[in-house]
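Below: the structure, in structure tokens.
The values are calculated or read from the model by the stated rules, or taken from the named source; none is laboratory data. The model shown is predicted, which means the values in this text are computed figures rather than measured ones. Using ideal geometry, Cβ is built from the backbone for each residue, glycine included, and neighbour counts are taken over all protein chains shown. Remember, those area values only see protein heavy atoms, side chains included, never the ligands or the DNA or RNA. Shrake-Rupley method; radii C 1.70, N 1.55, O 1.52, S 1.80 Å.
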Amino acid sequence: MNFDEIIDRRGTGSSKWDRMHAYGGVSPDDGIPMWVADMDFRAADVLQEAMQDLIERGNYGYFAGDEDMNAAVAWWMHERHGWTVNPDHMSSTAGLGHAIALILETYTDPGDEVIIFTPVYHEFTHKIKLTKRVVHEAPLIIENGVYHMDLDALEAGLTGKERMMLISSPHNPAGRIWTPDELRHLADICARHDLIMVADEIHHDLVYPGQTFTSFLKAAPEAADRTFVLTAASKTFNTAGARLGTVTIPNPELRKRFRQALLEHQTQPNLMGVALTRAAYSPGGADWVDGLVAYIEGNHRLFLDGIAQIPALKGMPMQSTYLAWVDFAATGMEMTEVLRRVHEDARVVPSVGAHFGSGGETFLRFNIGTPRARVAEAVERLQSAFADLQ
């Protein structure tokens, strides 16, 4: 578990590194990519062993399916999160972006509204618009420096055109963990207004010491008949390239429709993704995650402490994830000037906050899932780029 190891990912086809110039105008030769939610650490030994086992078998043909993997997912959810889930309720998708799109297409109609709490993961909006549904933004409010849902305002603004609610839990981009009470309130709203709940819980394992994540269906089991829970090993173990996610659907009728949609799209789990997920959700994987989370939490302290040295910048306190959310509003600068300094002067490329919807316009999201020396270098560069504010 040498998370300090510097791995050169340039020229390997990495989106985060090799597309940095196209996204932010900064060369990977001297830039620090902090945009794509992808970590720069070497894969866990349990994953390497699983891949080596595939290599030694020397056959990549049709395989029996995902039943063993689903059992491993159920074990992990029970052992790590106290959520008892039936493996028979699970279906595999080509990643969770695919799952969201398929859920939208299967259970809503073009023109239906989908509620999201902004600012939030930009792919939510992208998928809603791609499927010709309508984004219904419910802006988060900041109280005591962290995000809260304004559920009274949400209900007051409902029109009856809403069909679905899509949440990020824990929250991307701010690392907020929703409390069981907050999740139960969402379940009540969905019941009152006959809404389908889609809970994207992909960051569920990246929870800092002293914090507790609660799965939506553990908090609100009464909502099982209208809920889809989305999970994957991809953020925890950096296996996004394997393109595999799990959708848990307790309602048998909804589950039947979803599996029919998978059949019609000829979507089946892939061998590598199943092998990696099964290996990840194991005692060895748990040990690796414990080390990872402790390391990322250290990166979080280093980064936010460094940002706090720049008086006009405000980093939002994090409870989870490796994605830091920083507000530049108090600089008084236009975001074009902020980005010029971050890109050209600091040679750092974060994600643009405006892409996360209403409320994100003055923010940038920084990926701190990288060796600590690189985080420290990014902090120094940002302090230099905004030295006139100090």
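Tabulated values for the structure
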item: Any chance I141 is under 25 Å from L96 (Cβ atoms) and not charged (D, E, K, R); result: no
item: Count - residues of the stretch 342-375 that are part of a helix (DSSP H, G or I), over 15 Å from D30 (Cα atoms) and open to solvent by 30 Å² or more (accessible area, probe 1.4 Å); result: 3
item: Selection from the stretch 1-26 of residues that are closer than 23 Å to V293 by Cα and of a type in the set (D, E, K, R); result: D4, E5, D8, R9, K16
item: Matching entry among G241, G284, G298 (being assigned to a helix (DSSP H, G or I), closer than 26 Å to A43 by Cβ and without any contact (Cβ under 8 Å) to a residue 12 or more places away in the chain); result: G241
item: Cβ pairs under 6 Å, 6+ apart, first in the stretch 111-125 and in contact (Cβ under 8 Å) with a residue 60 or more places away in the chain, second of a type in the set (D, E, K, R) and open to solvent by less than 40 Å² (accessible area, probe 1.4 Å); result: I115/E162
item: Output for the stretch 31-56, where each listed residue is within 26 Å of S91 (Cβ to Cβ) and either free of Cβ contacts under 8 Å to residues at least 24 places away in the same chain or of a type outside the set (D, E, K, R) (or both); result: A37, A43, A44, V46, L47, A50, M51, L54
item: From the options L183, L230, residue that is in a strand (DSSP E or B) and surrounded by 21 or more Cβ atoms within 10 Å (Cβ to Cβ); result: L230
item: Odd one out for W325 among (1) open to solvent by 10 Å² or more (accessible area, probe 1.4 Å); (2) modelled with pLDDT of 95 or more; result: (1)
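Results for (1) part of a helix (DSSP H, G or I); (2) not acidic (D, E), shown as yes or no for each residue.
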{"site": "T125", "(1), (2)": "yes, yes"}
{"site": "P139", "(1), (2)": "no, yes"}
{"site": "E155", "(1), (2)": "yes, no"}
{"site": "T159", "(1), (2)": "no, yes"}
